[in-house]
Amino acid sequence: MSATDVLTVAAEGGVVGDGRTGANLALGVGLIAVAIGCLALARPGGRISLGNARTAAMSAMAAGLFGAALAALHLATSSGGPGTGNGMVGAVVAIPLGLIAMVIGWRALARSRRVERTADRFDREREFESTS
């Protein structure tokens, strides 16, 4: 089974379930991505110990992209309109949620780079002071 077939089956609600399953999956992935992005954004300040902030930021960006793509695929393959029970409204909400997760992840990645550069600069200054 190719990746396109897997995404199509997931967007259509999978083997078991109604038409809203794909939209609910996209919403869940988007919410998890936003949560990971927020934790990664708080990490460089030292408030939350999540591990590597760069890895968390990239994970939030990837999950947000996956959630938005899954929601767009669900919108493209679902029949009917809003209010028919096919999950179109959920998919419409999941697209901006995935994009928000990507922006938060991008900001966390930029912040982690800035924090690493600042830490490197202070390490070099300490090295210079100790050799003098």
S79: modelled with pLDDT under 80, assigned to a loop (DSSP other than H, G, I, E, B) and either of a type in the set (S, T, Y) or surrounded by 17 or more Cβ atoms within 10 Å (Cβ to Cβ) (or both), yes or no?
yes
Take A69 and tell me if it is surrounded by fewer than 21 Cβ atoms within 10 Å (Cβ to Cβ) and either acidic (D, E) or touching a residue at least 12 places away in the same chain (Cβ under 8 Å) (or both).
yes
Counting just the residues of region 1-43 that are β-branched (V, I, T) and at pLDDT 85 or above, which one comes out farthest from A108 (Cα to Cα)?
V29
Residue that is modelled with the highest pLDDT, among those in region 82-98 that are surrounded by fewer than 23 Cβ atoms within 10 Å (Cβ to Cβ), out of contact with any helix residue (DSSP H, G or I) (no Cβ under 6 Å at 6 or more places or on another chain) and within 21 Å of T4 (Cα to Cα)
V92
Would you point out which residue out of A57, A119 is of a type outside the set (K, R) and at pLDDT 75 or above?
A57
Quick test of your reading of the structure: L50 fulfils all but one of (1) aliphatic (A, V, I, L, M); (2) in a loop (DSSP other than H, G, I, E, B); (3) modelled with pLDDT of 85 or more. Name the failing condition by number.
(3)
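The values are calculated or read from the model by the stated rules, or taken from the named source; none is laboratory data. Note that this is a predicted model, so its numbers are computed, not measured. Don't worry about glycine lacking a Cβ; one is built from the backbone with ideal geometry, like all the others, and counts go over all protein chains shown.
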